[in-house]
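Data first, discussion second: the structure below is written as structure tokens.
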Amino acid sequence: MPPSPTPTGPRIKSPETLIAESGADLEGHGLKRTMGLFQLVCFGVGAIVGTGIFVGLSDTVAEAGPAVIVSFVLAAITCVFTAFSFAELGGAIPVSGSSYSFAYAALGERVAFLVGWCLLLEYGISVSAVAVGWSQYLNELLDSVFGVQLPTALSAGPADGGVINLPAVVVMAMAAALLVRGIRESARATAFMAVLKIGILLAFCAIAFSAFQEGNLTPFLKEGAGGITSGASLAFFSYIGFDAVTTAGEEVKNPRRNIPLAIMICIGLVTLLYCAVAVAAIGALGADAVGDKPAALSLVVDQVTDSTVGGGIVAFGAVVAIASVVLAVMYGQTRILMSMSRDGLIPRVFERVSPKTSTPVRGTLIVASVFAVPAAFSSLDVVVNLTTIGTLATMVVVNIAVVALRRSRPDLKRSFRVPLYPLSPVLGVGFCMYLIWGTGWTTWVQFAVFLVVGALVYAFYGRRNSRLGAAQAQAA
């Protein structure tokens with residue numbers, strides 16, 4: 001084990017220290033390793049496949065037209081290079097903190113805190129956005145099956161012409177209730193929902209391809225190269241969540257093997273599924289029709305089958321799919337906050353694990369309560385770009401962390417190594433920056449303000465309460 005940093009040195013925590021500290025929290029109650037490879041893959045798919053494809057496909061098609069397929073592939077390539085980096089770091093440092101912990105080990109505490117701050121966008125704000133998408137498809141399902149819809153005042157926020165989005169709050173409450181019961185129950189539920197939604201998307205492809213018309217794919221570059229770039233930035237939202245696999249590092253059996261393998265399986269499976277769904281939808285109705293309605297998949301099935309039954313089934317699949325994303329993403333947020341709390345950078349309440357359920361009960365309830373507020377009162381469109389840029393920023397740091405850790409710790413045990421090093425992480429940074437460019441200057445300004453606020457929180461709370469900083473001071 002390398003020596004601890006000196007009192008005047010950088011606040012970098014060694015991988016061995018991170019792993020040792022994750023064995024049990026300060027209350028003496030640790031997380032339990034109960035997830036196997038299949039459950040981990042289902043957890044990853046559960047975190048990825050949801051609002052982005054069921055609700056966000058229409059926005060992506062509206063930007064890129066038939067070339068949305070290229071947008072999905074471009075977003076996938078970005079994810080693949082970064083997934084290699086996550087796989088290497090997840091296998092070497094199998095703890096719950098994900099990119100926050102990786103940055104702590106490679107780049108130091110300040111960068112790690114800002115990464116954790118950005119993860120509030122990827123996990124916290126995105127779970128609110130996902131809950132809003134769930135509410136939209138719940139109304140679609142009620143309309144298809146019973147011919148009724150919830151009143152707009154109670155199923156949409158003020159930005160969408162309503163008062164409060166109660167269904168979005170309800171799905172977050174259900175996810176929190178399941179998470180506090182235990183990871184075994186949550187993993188089983190996620191696995192069931194992941195298998196179900198993949199089956200429904202495959203059924204959608206079969207129905208839509210039966211009405212496929214080649215002419216609907218022309219002109220292919222209808223919106224030009226700029227449309228592809230903008231579409232790729234939006235399509236990236238559909239892939240957010242694959243890194244959630246690394247947040248389960250302390251609850252996975254044989255994590256050094258299963259975490260890298262699960263990440264690669266998830267990215268490959270989801271990319272094939274998204275491209276097939278996009279081609280099938282546009283081929284059946286055309287880009288203009290698909291890009292005109294949020295619940296586009298239900299619309300496609302309704303028109304192809306000339307019945308509302310198929311659309312109702314797709315809507316049911318979307319309700320299940322999006323609920324599983326809420327569950328998986330909320331899980332990831334609580335584990336990241338738990339890691340930050342262990343380090344003293346945020347209040348201690350988030351690190352406490354219940355001896356009865358082996359879950360961070362209080363932290364889960366706080367997360368659900370806080371992020372239910374934007375879910376109740378905001379619009380999905382408002383937060384998608386901000387969530388995307390926050391996620392891309394953390395991925396830039398993860399790619400850099402691979403290079404930094406290779407140089408500072410060449411002796412570290414790595415169960416997976418990124419191929420074509422150092423080209424792979426460099427390309428990962430490049431593709432992430434390319435998609436950040438596509439989010440637009442308004443989002444850049446919002447994100448810059450968000451980072452400044454995070455830097456101030458670290459300066460006035462995190463740095464002063466850091467346990468690593470306290471240990472360095474005692475050693476002086």
Test each condition in (1) in a helix (DSSP H, G or I); (2) at pLDDT below 85; (3) in contact with a helix residue (DSSP H, G or I) (Cβ under 6 Å, 6 or more places away or on another chain); (4) not polar (S, T, N, Q) for Gly116 and report the one that comes out false. (2)
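Consider Thr247 carefully, then state whether it is modelled with pLDDT of 75 or more, within 28 Å of the chain's Cα centre (by Cα) and either surrounded by fewer than 24 Cβ atoms within 10 Å (Cβ to Cβ) or not aliphatic (A, V, I, L, M) (or both).
no
If only one of Gly310, Gly283 is in contact with a helix residue (DSSP H, G or I) (Cβ under 6 Å, 6 or more places away or on another chain), over 28 Å from Ile77 (Cα atoms) and buried (at least 19 other Cβ atoms within 10 Å of the Cβ), which one is it?
Working: Gly283 fails: over 28 Å from Ile77 (Cα atoms).
It is Gly310.
So which of Val95, Val41 is more than 22 Å from Val279 (Cα to Cα) and within 16 Å of the chain's Cα centre (by Cα)? Walk me through it before giving the result.
Numbers: Val95 fails: within 16 Å of the chain's Cα centre (by Cα).
Residue meeting the stated conditions: Val41.
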Within the range 444-458, is even one residue over 27 Å from the mean Cα position of the chain (by Cα), part of a helix (DSSP H, G or I) and over 16 Å from Trp117 (Cα atoms)? no
I need the helices (runs of 4 or more DSSP H) fully contained in the range 320-438, keeping only those with at least 3 residues that are in contact with a strand residue (DSSP E or B) (Cβ under 7 Å, 6 or more places away or on another chain), in contact (Cβ under 8 Å) with a residue 24 or more places away in the chain and surrounded by fewer than 21 Cβ atoms within 10 Å (Cβ to Cβ). none
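Scan the range 294-307 residue by residue and report those that are outside any helix (DSSP H, G or I) and buried (at least 24 other Cβ atoms within 10 Å of the Cβ). Please lay out each step first, then the result.
Within the range 294-307, the first condition is being outside any helix (DSSP H, G or I), and the residues that meet it are 294-295, 306-307.
Correct list: Ala295 only.
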Under 14 Å from the mean Cα position of the chain (by Cα) and at negative phi: does that describe Ser85? no
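Find the residue count for the range 95-113, including only residues that are surrounded by 24 or more Cβ atoms within 10 Å (Cβ to Cβ) and assigned to a loop (DSSP other than H, G, I, E, B).
Looking only at the range 95-113, we keep the residues that are surrounded by 24 or more Cβ atoms within 10 Å (Cβ to Cβ), and these are 95-106, 112-113.
Going one step further and asking which of them are assigned to a loop (DSSP other than H, G, I, E, B), we end up with 95-98.
Going through the range 95-113 one residue at a time, the tally reaches 4.
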Go through (1) on the phi > 0 side of the Ramachandran plot; (2) modelled with pLDDT of 90 or more; (3) of a type outside the set (Ser, Thr, Tyr) and name the single condition Leu420 misses. (2)
Per the list (1) closer than 29 Å to Met193 by Cα; (2) modelled with pLDDT of 80 or more; (3) touching a helix residue (DSSP H, G or I) at 6+ places or on another chain (Cβ under 6 Å), residue check on Phe38 breaks on (3)
Would it be correct to say that Ser4 is surrounded by fewer than 22 Cβ atoms within 10 Å (Cβ to Cβ), at pLDDT 80 or above and either of a type in the set (A, V, I, L, M, F, W, C) or out of contact with any Lys or Arg (no Cβ under 6 Å at 6 or more places or on another chain) (or both)? no
Hey, any hits in the range 285-293 for a residue that's at pLDDT 80 or above and assigned to a helix (DSSP H, G or I)? no
Could you give every pair whose Cβ atoms fall below 7 Å, whose first residue belongs to the range 34-55 and is surrounded by fewer than 24 Cβ atoms within 10 Å (Cβ to Cβ) and in a loop (DSSP other than H, G, I, E, B), and whose second residue is β-branched (Val, Ile, Thr) and at pLDDT below 80, counting only separations of at least 6 or pairs across chains? Thr34/Ile183
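Could we say that Leu18 is at pLDDT 75 or above, closer than 26 Å to Val418 by Cα and touching a strand residue (DSSP E or B) at 6+ places or on another chain (Cβ under 8 Å) here?
Numbers: at pLDDT 75 or above: yes; closer than 26 Å to Val418 by Cα: yes; touching a strand residue (DSSP E or B) at 6+ places or on another chain (Cβ under 8 Å): no.
So Leu18 fails the test.
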List every residue pair whose Cβ atoms sit under 6 Å apart, with the two residues 6 or more apart in sequence or on different chains, where the first one lies in the range 64-76 and is in contact (Cβ under 8 Å) with a residue 60 or more places away in the chain and the second, anywhere, is polar (S, T, N, Q). Ala64/Ser71; Val68/Thr60; Ala76/Thr271
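Those residues that are in a helix (DSSP H, G or I), of a type in the set (Gly, Ala, Ser) and under 29 Å from the mean Cα position of the chain (by Cα), I need them from the range 211-239; list them, please. Spell out how you get there, then give the answer.
Here is the first cut: in the range 211-239, the ones in a helix (DSSP H, G or I) are 214-217, 224-236.
Filter once more, so that each one left must be of a type in the set (Gly, Ala, Ser): 215, 224-227, 230-233, 235.
Scanning the range 211-239 gives Gly224, Ala225, Gly226, Gly227, Ser230, Gly231, Ala232, Ser233, Ala235.
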Would you check if Ile265 is buried (at least 22 other Cβ atoms within 10 Å of the Cβ) and under 30 Å from Thr82 (Cα atoms)? no
How many of the residues making up the range 138-155 are within 18 Å of Ser378 (Cβ to Cβ), hydrophobic (A, V, I, L, M, F, W, C) and free of Cβ contacts under 8 Å to residues at least 60 places away in the same chain? 3
So how many residues does the range 448-464 have that are over 19 Å from Pro347 (Cβ atoms) and either at pLDDT below 90 or of a type outside the set (A, V, I, L, M, F, W, C) (or both)? 0
Can you tell me which of (1) touching a strand residue (DSSP E or B) at 6+ places or on another chain (Cβ under 8 Å); (2) in contact (Cβ under 8 Å) with a residue 60 or more places away in the chain is the one Ser135 doesn't meet? (2)
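The values are calculated or read from the model by the stated rules, or taken from the named source; none is laboratory data. Note that the structure is a prediction, hence the values are computed from the model and not measured. Note that we place each Cβ from the backbone using ideal geometry, even for glycine, and neighbour counts take in every protein chain shown.
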